[in-house]
Amino acid sequence: MDKLFLRLSTATLSSLKQNLTDSMRGIKSSHRCEALGRGLGFRTYAAARHAAMTGLDGIVRPNGTRFVEYLDEKGIAARRKDFFDAVASAALGDVVERNPLLSAYGIGVGHPRRKPDGRYESAEEQYEKFQEGRRELASSRSVPGFLASTALLSRINETKTIREGTGSYWLKHIAENYECSYPDNEKLGPTYIPNGVFIAAAINSGFRIKTYIDEDGSYNLNVSFNMSVKCLRELDQEIRGRTR
């Protein structure tokens, strides 16, 4: 999880607390909070909360080992998976909030589609589809794909400029075929990954994106990144046995 980062704020910290409450209900709140503080790189939860309120630390790299070690000292068995799932959910919500054009489909929802009755989707139907895509992107269902994407992204070399031939739709197929696991060796991928989930993971991992406008003035669903094309081709060959 080398590329899993979290922008620390009162909103992301609150989301993290709620996520851990939902997944670890049998553990005292004080123990969960203190473990969370350690997992975010602080000596106490109070220190993490202070940093979130003042914006002093900005981006943090979560540490699942410190999280479970604190609970182990209290005689509580815990999984790093629960911690990383909670972090991923909070990070996803933050990316969605900061990128108003992003949905599970990618950027926007694409061109209006023809419905079974022959009519094309109306503007109202497209808007509702976009809002549903936003909700889906921020939901717990997107967490495994987000983390699997993050695992692949840790192997991708950044470049100074955004490169042609780094389309998100191609890369999401590589990511969803990537065999990877949580730090506790619990299986994570291969798993299905929507285009927008891969884009969100790349943004959260620090990559930049370039969007495109189609001839009709609508956003193309796919984006390009500041990634090494050579590196991506080698990964595709390794993971899917394909050359491009």
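List of remarks:
- Residue-level accessible surface for MET53, protein heavy atoms, 1.4 Å, Å²: 140
- Accessible-area rank, largest first, for SER149, SER23: SER23, SER149, with all protein chains present and a 1.4 angstrom probe.
- Axis angle, to the nearest 10 degrees, between helix 64-73 and the longest C-alpha principal axis of the chain: 30 degrees.
- The length gained on full extension between GLU164 and ASP184, counted as 0.36 nm times the residue separation minus their Cα-Cα distance, comes to 3.5 nm.
- A value for Rg/Rh (Cα atoms, Kirkwood Rh) was derived from the coordinates, and within the list (i) 0.95; (ii) 0.98; (iii) 1.01 it appears as (iii).
- Accessible surface of ARG61, taken over heavy atoms with a 1.4 Å probe and every protein chain present, rounds to 140 Å².
- Rolling a 1.4 Å probe across the protein heavy atoms gives the chain an accessible surface of 50 Å² per residue.
- Segment ARG155-CYS231, extension gain: residue separation times 0.36 nm, minus the distance between their alpha carbons: 26.5 nm
- For the chain, the Cβ-based charge dipole about the Cα centre amounts to some 460 debye (Lys, Arg positive; Asp, Glu negative; other atoms uncharged).
- Each Lys or Arg adds one and each Asp or Glu takes one away; over the other residues whose Cβ falls under 12 Å from the Cβ of GLU186, this sums to +1.
- For SER103, the residues 5 or more places off, or on other chains, whose built amide H falls under 5 Å of its own are GLY108.
- In the structure shown, the pairs LYS17/LYS187; LYS129/LYS210; LYS3/LYS187; LYS129/LYS187; LYS28/LYS129; LYS81/LYS230 are assessed against 28 Å; a Cα-Cα span above that value is assigned to LYS129/LYS187; LYS28/LYS129; LYS81/LYS230.
- Portion, in percent, of the accessible area of the stretch 130-233 that falls on carbon or sulfur, probe 1.4 Å: 47
- Sites matching trypsin sites (Lys or Arg not before Pro) across the stretch 108-217 that sit in DSSP coil, with at most 16 neighbouring C-beta atoms within 10 Å: ARG113, ARG119, ARG155, LYS160, ARG163, ARG208
- Placing TYR127, TYR70 in order of accessible area, with the largest value first and a 1.4 Å probe, yields TYR127, TYR70.
- Whole-Å distance, taken between Cα centres, linking the stretch 88-121 and the stretch 134-198: 17
- Three-way shape call for the stretch 127-218 based on the alpha-carbon gyration tensor, with the a/c threshold at 1.5: oblate
- Here THR10 and SER140 are evaluated by their C-beta separation; at R0 = 25 Å the FRET efficiency comes out at 0.70.
The values are calculated or read from the model by the stated rules, or taken from the named source; none is laboratory data. Predicted model only: the values in this text are computed from it and were never measured. Don't worry about glycine lacking a Cβ; one is built from the backbone with ideal geometry, like all the others, and counts go over all protein chains shown. Please note that ligands, DNA and RNA were not included when accessible areas were found on the heavy atoms of the full protein model with its side chains. Shrake-Rupley method; radii C 1.70, N 1.55, O 1.52, S 1.80 Å.
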